[in-house]
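Asks: Provided herewith is a single structure, encoded as structure tokens, for subsequent inquiry.
No lab work stands behind these numbers, since they all come straight from the coordinates. All values reported here derive from a predicted model rather than from experimental measurement. Cβ atoms come from the backbone with ideal geometry, glycine included; neighbour counts cover every protein chain shown.
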């Protein structure tokens, strides 16, 4: 099994038999992958049935993250057995009778359910203390939790000070499997001191200047009178993902509902059209406002039957962001990348730490798509570029 320095830190901590392993670190440090590798090795060596739970804020989060990584690790080592995987219950059974189960922290029946032997909480900063406490009291053995230290939370206040807790720290430098391009992308943000402190150095920060405050919802509401329905599309390919979001805008209540449609690299325009069709975007129907910098892509998507129009982004981005900020923002829990972007979308700072009116240009693709889908259809422009908001 190929492992990283982050794995070595976790394994050393586990060997000391603590109650808690607190895995704090920056972006792309391999925290989650290493924790899964360690848990797999431990459970495969169990000589009796054990129950081992892997928890994140929602099941969609797990499907796109920990479950996918778990299967990759097992297949790479030649250990995966299709018959051992219960797709419905999201459990994997080992020959000893031990199981690894995956469930979201938004499932009360699971959180308040039966006890377990070991627990791993992924991205613990997104889970409330009361939920974590219910999981802890139902866990007999070791508890591992990982997170990006965007701000102090219950891990720092309630768990790290305990004698039974071992804390480890990791950064992208502990992950030798990153490409040179990924490293360069991370290091390009060194000028933003607070972002770099949290995501580059993996140290506790405070994401000051957060641009949007979002609330997680289960699904989009039914469209009603007074709602505007659009889609926003930001093109990407090799280094950046193509991002598309479904927008429902209640202009009376000033509420904005977002559901992620696409977030993937390497997509040709034909692939984008296929994803739109799979989601159920009607052809020659609801308008898709796409990045105006790619007219050829817009024209090709139109040839596939979709009502795609160029977005408006000639005015200052701060004006457009301010417009979107006028709505209470709701994002569906399955929109994993959009949620992650929103939670880390902040204003850049200058060398003295003062915020400037420029958003951090990192992981902002869904946020751009959202802005295209909201600002363009709800604004009127005159020749000078000045806009008047139009609510119909």
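Asks: What does the highest-first list of 99-107, 172-180 look like by mean Cβ count within 10 Å?
Replies: Order by mean packing, descending: 99-107, 172-180.
Asks: Suppose R0 equals 22 Å. What FRET efficiency, 1/(1 + (r/R0)^6) with r the Cβ-Cβ distance, do residue 156 and residue 210 give to the nearest 0.05?
Replies: The value I calculate is 0.70.
Asks: Cα centroids of the stretch 5-76 and the stretch 169-217: how far apart, whole angstrom?
Replies: 21 Å
Asks: Looking at the square roots a ≥ b ≥ c of the eigenvalues of the Cα gyration tensor of the stretch 44-86, which shape do they give, rounded for a/c under 1.5, prolate if a/b is larger than b/c, or oblate?
Replies: Here the stretch 44-86 falls in the oblate category.
Asks: Per residue of the chain, what 222 nm ellipticity follows from adding -39500 (n - 2.57) for every DSSP H run with n ≥ 4, rounded to the nearest 500?
Replies: Numbers: 12 runs with 111 residues, N = 392.
Rounded to the nearest 500, it is -8000 deg cm²/dmol.
Asks: What share of the DSSP beta bridges in the chain is antiparallel, in percent to the nearest 5?
Replies: Within the chain, antiparallel bridges account for around 40 percent of the total.
Asks: Order these by the 10 Å Cβ neighbour count, fewest first: 94, 145, 304.
Replies: Ordered by Cβ neighbours within 10 Å, fewest first: 304, 94, 145.
Asks: Label the stretch 61-109 by shape, choosing from rounded, prolate and oblate, from the square roots a ≥ b ≥ c of the eigenvalues of the Cα gyration tensor; if a/c is under 1.5 it is rounded, and otherwise prolate applies when a/b is larger than b/c, oblate when it is not.
Replies: Oblate is the answer for the stretch 61-109, as a/c is 1.5 or above yet b/c matches or exceeds a/b.
Asks: In degrees between 0 and 90, to the nearest 10, how far off the longest principal axis of the chain does helix 5-15 point, with axes built from Cα atoms?
Replies: That helix lies at roughly 40 degrees to the long axis.
Asks: Which semi-axis lengths, in whole Å and largest first, follow from the square roots of five times the eigenvalues of the Cα gyration tensor of the chain?
Replies: One finds semi-axes of 39, 24, 20 Å for the chain.
Asks: Here's a follow-up. Give the order of 233, 256 when sorted by the count of other beta carbons within 10 angstrom, beginning with the fewest.
Replies: On the way: 233 27, 256 24.
Exposure proxy ranking, most exposed first: 256, 233.
Asks: Let me ask another. Any idea what angle helix 66-76 forms with the longest principal axis of the chain, computed on alpha-carbon atoms, 0 to 90 degrees, nearest 10?
Replies: The angle comes out at about 60 degrees.
Asks: Taking R0 as 45 Å, what FRET efficiency do you get between residue 182 and residue 130 from their Cβ-Cβ distance, rounded to the nearest 0.05?
Replies: Efficiency for this residue pair is about 0.80.
Asks: Here's something else I'd like to know. Based on DSSP, what percent of beta bridges with both residues in the stretch 5-200 are antiparallel, to the nearest 5?
Replies: Numbers: 5 of 30 bridges.
Bridges in the stretch 5-200 that DSSP calls antiparallel: roughly 15 percent.
Asks: Which order do peptides 241-249, 118-126 fall in by mean Cβ count within 10 Å, highest first?
Replies: The peptides rank, most packed first, as 241-249, 118-126.
Asks: Working from Cα positions, state the angle (0 to 90°, nearest 10) between the long axis of helix 31-44 and the longest principal axis of the chain.
Replies: 40 degrees
Asks: Okay, moving on. Which semi-axis lengths, in whole Å and largest first, follow from the square roots of five times the eigenvalues of the Cα gyration tensor of the stretch 214-389?
Replies: For the stretch 214-389, the semi-axes come out at 23, 19, 18 Å.
Asks: Also: Using the C-alpha atoms of the stretch 280-322, what convex hull volume per residue, in cubic angstrom, is computed? Display every interim value, and only then the final one.
Replies: Numbers: hull volume 3.2 nm³, N = 43.
Convex hull volume per residue, Cα atoms: 73 Å³.
Asks: Name the residue, out of 338, 142, 84, whose mean-square fluctuation peaks in a Gaussian network model built on the chain with Cα pairs under 10 Å.
Replies: So, out of 338, 142, 84, the one fluctuating most is 84.
Asks: Provide 117, 82 in ascending order of the number of other Cβ atoms located within 10 Å of each residue's Cβ, fewest first.
Replies: Lowest to highest Cβ neighbour count: 82, 117.
Asks: According to the Cα gyration tensor, what semi-axes, each the square root of 5 times an eigenvalue, does the equivalent ellipsoid of the stretch 5-200 have, listed from largest to smallest in whole Å?
Replies: On the way: eigenvalues 141, 82, 51 Å².
The equivalent ellipsoid of the stretch 5-200 has semi-axes of 27, 20, 16 Å.
Asks: Classify the stretch 82-183: rounded, prolate or oblate, from the alpha-carbon gyration tensor (a ≥ b ≥ c, eigenvalue square roots; a/c under 1.5 rounded; otherwise prolate if a/b is larger than b/c)?
Replies: Cα axes put the stretch 82-183 in the oblate bin.
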